[in-house]
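Structure, as structure tokens:
The values are calculated or read from the model by the stated rules, or taken from the named source; none is laboratory data. Keep in mind the model is a prediction, meaning the values are calculated, not measured. Positions of Cβ are backbone-derived with ideal geometry, glycine not excepted, and every protein chain shown enters the neighbour counts.
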Amino acid sequence: MSMIEQEVINNIRNGVDIVDIISNYIPLIPRGKNYFGVCPFHDDKNPSMSVSKDKQIYTCFSCGATGNVFKFMMDYEHISFPESLKRCADIAGIPLNISINKESNYANKYSELYEIYDLGYKFYQNNINTINGKEAKDYLKSRQINDEMIKHFGIGLALDDCKILTNLLIKKKYDSKHLIQSGLVIKNEYGLSDIFKDRIMFPIEDINGRVVGFSGRIYRGDDMAKYINTKETDIFKKGELLYNFNRAKEECRLSGQVIVMEGQMDVIRAYSIGVKNVVATLGTAVTKQQALLIKKMAKEIIICFDGDIAGAKGTMACANELIDVGVIPKVIRLEDNLDPDDYIKKHGNKFLSKINNPMNVMDFKLSYLKHNIDLNDSEDMAKYVNTIIEELNKIDDEILREITIKKISEESKLDIEFLKSKLSPVPNDIVIPIKKEKISVKENKYQKAQKYLIFYMLRNKDVIKIYNKKITYMPTEKYRYLAYEIGLFYKENGYIDIADLISSLTDNEDLLKVIGELESLNLKDEYTLDEIDDYINTIKEFNINYQIKRLEEKMRKEDDALEKAKIADEIIKLKKGESND
């Protein structure tokens with residue numbers, strides 16, 4: 001890339017703050033001079049990702065993911081480098097006219113499916129705003145869903161014609177194979193026809209805000225299937241999505257709280273009273289992927305499912321799934337077996353007091369596990385206590401454990417210390433980055449010298465100059481390549497900056513991992529020239545020893561006495577050079 005291209009890229013990167021950008025995706029907590037959050041690139045149960053405001057880079061001390069603001073956007077949203085560059089330029093208010101090659105984007109693999117859904121989405125929205133949509137709109141208004149809410153959530157209408165959307169898509173030249181793959185069209189003995197017919201349509205979006213599915217609800221007549229959802233497709237994985245995620249993520253970030261419900265009507269109803277930090281699980285049992293997605297949204301997670309027995313069972317399952325990924329949620333239970341939609345319609349802003357006063361998860365479990373249990377029966381009591389102990393062993397909050405133990409001691413009349421003896425120790429799995437190196441295989445002094453030298457090359461141009469002057473060969477391949485790229489960057493730009501270097505290495509995952517490895521080192525940013533000289537001399541020592549071994553092997557294979565003498569002379573010179581250093 002030319003100097004002007006690098007300059008433009010650097011200006012855009014400097015125009016945004018990586019902490020601000022990443023905090024739009026995941027909650028960040030200040031710790032020392034850096035910020036920490038749950039890494040979105042692996043199954044992270046602790047805040048393992050460090051984001052440096054000073055260096056404008058992130059590093060996960062667990063999986064090694066490393067990059068700058070462009071790299072984070074690329075990996076989180078599955079977009080290309082030019083796309084991430086353009087997004088950051090827009091945020092920074094910097095004009096950038098570039099041609100984005102969509103062919104390199106993950107989305108292009110399924111571009112026709114996305115286009116089909118976009119057309120379907122617009123088609124359904126248009127329908128509800130015509131004379132044909134009057135009855136559907138009247139139904140929605142009877143459910144207290146007004147025009148503003150209809151527009152905000154993109155609610156539409158599938159007409160009472162089983163071929164109308166299909167014919168429109170065929171007219172647009174979409175292949176019948178892709179129409180069937182989309183889940184919007186079905187093939188039967190009558191040919192191709194629409195799957196959704198005479199239903200109010202709720203669009204379901206992926207994490208990037210693209211429509212990838214629909215939930216269609218009856219609004220007149222009687223049908224056993226009140227809701228029909230898009231079948232699983234290449235772009236619609238129900239267990240990996242959350243309804244309203246894309247709209248709610250900013251609200252969740254600002255409030256530090258996300259409320260998890262079951263259905264889209266619950267979400268829409270909550271929105272009607274100003275509660276916008278809410279998502280829904282699309283009516284399914286919460287999956288691990290959804291739990292991880294919820295975990296990224298906010299620090300405080302509140303589960304608010306239906307108030308009936310099925311809702312309690314779902315709350316229990318959701319709570320355990322969240323606990324498994326390292327989150328201790330809170331719980332709201334609604335009276336009279338009401339779901340959030342009906343509860344809010346009946347009680348209005350009373351729901352807000354529920355949000356402000358959720359119960360802790362163990363109080364919910366105590367209540368739930370007592371259901372159908374006779375606490376006056378010894379066997380039932382023993383079963384109840386053992387189950388609570390099992391549930392407590394999943395929790396790493398020592399205060400919550402202590403409070404719960406006291407409660408079950410009072411209920412069971414069992415000694416507190418006896419109950420505590422049944423608990424497993426609290427897992428101490430908090431990530432402490434400075435200990436990362438201790439768990440790796442023991443390194444020799446040559447490996448350490450290479451790592452430490454490059455660590456300081458990434459921070460100071462003077463160290464790069466010393467390296468260029470005194471080191472001709474870096475023994476380990478990955479460090480050799482990175483040192484070369486650092487030197488090249490400095491030669492072309494006249495300075496060194498880790499975040500800008502990463503921009504030039506965006507497509508080189510191997511070297512980015514090496515940078516992550518080096519950023520995980522527990523080294524001070526300052527250095528002395530004596531330390532740098534030690535690293536240099538250690539690397540030279542390795543190179544000399546390697547050359548000596550190579551020459552000794554060559555001499556063993558040599559038959560000519562004169563050639564052997566020449567080789568021996570080279571070895572002597574190398575050893576003298578080593579001793580002189």
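Close Cβ contacts (under 6 Å, 6 or more residues apart or on different chains) running from residues in the range 296-317 that are free of Cβ contacts under 8 Å to residues at least 60 places away in the same chain and closer than 16 Å to N357 by Cα to residues that are of a type outside the set (D, E) and in a strand (DSSP E or B) comprise E300/Q257; I301/V258; I302/I259; I302/K330; I303/V260; I303/V331; C304/I259; C304/M261.
Cβ-Cβ contacts under 7 Å between residues 6 or more apart (or on different chains), taken from a first residue in the range 252-267 that is under 26 Å from R217 (Cβ atoms) to a second residue that is charged (D, E, K, R) and surrounded by 22 or more Cβ atoms within 10 Å (Cβ to Cβ), are listed as E262/D306; M265/D341; D266/D341. Taking the criterion of being at pLDDT 85 or above, out of contact with any Ser or Thr (no Cβ under 9 Å at 6 or more places or on another chain) and either surrounded by 13 or more Cβ atoms within 10 Å (Cβ to Cβ) or aromatic (F, W, Y) (or both), the residues of the range 93-117 that qualify are I94, S111, Y114, E115.
Within the range 20-39, the residues that satisfy the criterion of being surrounded by 18 or more Cβ atoms within 10 Å (Cβ to Cβ) and either among the aliphatic types (A, V, I, L, M) or under 16 Å from A499 (Cβ atoms) (or both) are I21, I22, I26, L28, N34, Y35, V38. A136 passes every criterion in (1) outside any helix (DSSP H, G or I); (2) within 30 Å of I344 (Cα to Cα) apart from (1). Scanning the range 6-28 for residues that are assigned to a loop (DSSP other than H, G, I, E, B) and of a type in the set (S, T, N, Q) yields S23, N24. Within the range 218-234, residues that are under 20 Å from V185 (Cβ atoms) have Cβ atoms under 7 Å from residues that are of a type in the set (F, W, Y) and surrounded by 12 or more Cβ atoms within 10 Å (Cβ to Cβ) in these pairs: I228/F196; T230/F214; T230/F236; D234/Y110, counting only partners at least 6 apart in sequence or on another chain. Residues that are closer than 19 Å to M149 by Cα and of a type in the set (A, V, I, L, M) were ranked within the range 186-210; the one that is surrounded by the most Cβ atoms within 10 Å (Cβ to Cβ) is I200. Within the range 348-359, the only residue that satisfies the criterion of being in contact with a Lys or Arg (Cβ under 9 Å, 6 or more places away or on another chain) and surrounded by fewer than 18 Cβ atoms within 10 Å (Cβ to Cβ) is M359.
Those strands (runs of 3 or more DSSP E) of the range 211-296 in which 3 or more residues are out of contact with any Gly (no Cβ under 7 Å at 6 or more places or on another chain), surrounded by 21 or more Cβ atoms within 10 Å (Cβ to Cβ) and not assigned by TED's automatic domain parsing to the domain that holds V325 occupy 211-217. Total residues in the range 201-210 satisfying the condition of being among the aliphatic types (A, V, I, L, M) and in a loop (DSSP other than H, G, I, E, B): the figure is 1. The residue pairs whose first member lies in the range 446-457 and is over 12 Å from D533 (Cβ atoms), whose second member is buried (at least 19 other Cβ atoms within 10 Å of the Cβ) and of a type in the set (G, A, S), and whose beta carbons are closer than 7 Å, counting only pairs six or more residues apart or on different chains, are I454/A483; M457/A483. Examine the range 29-39 for a residue that is outside any loop (DSSP other than H, G, I, E, B) and farther than 24 Å from I515 by Cα, and state whether such a residue exists. Looking through the range 29-39, none of the residues is outside any loop (DSSP other than H, G, I, E, B) and farther than 24 Å from I515 by Cα. Taking (1) outside the structural domain of I273 (by TED's automatic domain parsing); (2) over 33 Å from the mean Cα position of the chain (by Cα); (3) not hydroxyl-bearing (S, T, Y) in turn, R401 satisfies each apart from (2).
Taking the condition of being small (G, A, S) and either touching a Leu at 6+ places or on another chain (Cβ under 6 Å) or outside the structural domain of Q450 (by TED's automatic domain parsing) (or both), how many residues in the range 529-576 meet it? Write out each step before concluding.
Taking the range 529-576 first, the residues small (G, A, S) are 561, 565, 568.
Right, trim to either touching a Leu at 6+ places or on another chain (Cβ under 6 Å) or outside the structural domain of Q450 (by TED's automatic domain parsing) (or both) and you get none.
Result for the range 529-576: 0.
Being among the aliphatic types (A, V, I, L, M), within 29 Å of the chain's Cα centre (by Cα) and at pLDDT 90 or above narrows it down to one of I395, I389, I355, so name that one. Walk me through it before giving the result.
Values: I395 fails: at pLDDT 90 or above; I389 fails: within 29 Å of the chain's Cα centre (by Cα).
Sole residue among the options that is among the aliphatic types (A, V, I, L, M), within 29 Å of the chain's Cα centre (by Cα) and at pLDDT 90 or above: I355.
Against the conditions (1) assigned to a loop (DSSP other than H, G, I, E, B); (2) buried (at least 23 other Cβ atoms within 10 Å of the Cβ), H42 satisfies every one except (2).
Can you find a residue that is within 30 Å of M297 (Cβ to Cβ) and part of a strand (DSSP E or B) anywhere in the range 180-199?
First, pick out the residues of the range 180-199 that are within 30 Å of M297 (Cβ to Cβ): 182-184, 196, 199.
Among the residues that remain, those that are also part of a strand (DSSP E or B) are: 199.
Yes, the range 180-199 has at least one match.
Matching residues to (1) within 31 Å of the chain's Cα centre (by Cα); (2) under 30 Å from R269 (Cα atoms):
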position	(1), (2)
D161	no, yes
L168	no, no
K177	no, no
G183	yes, yes
S193	no, no
V212	yes, yes
S215	yes, yes
R220	no, yes
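In the range 45-68, which residue that is crowded, with 21+ Cβ neighbours inside 10 Å, out of contact with any Leu (no Cβ under 7 Å at 6 or more places or on another chain) and without any contact (Cβ under 8 Å) to a residue 60 or more places away in the chain is farthest from N508 (Cα to Cα)? That would be M49. Every test in (1) surrounded by 17 or more Cβ atoms within 10 Å (Cβ to Cβ); (2) within 28 Å of N543 (Cα to Cα); (3) touching a strand residue (DSSP E or B) at 6+ places or on another chain (Cβ under 8 Å) is passed by I502 save one, and that test is (2). Cβ separations smaller than 7 Å between residues 6+ apart or across chains give no pair from the range 100-125 residues that are farther than 17 Å from G213 by Cβ and in a helix (DSSP H, G or I) to residues that are at pLDDT below 90 and acidic (D, E).
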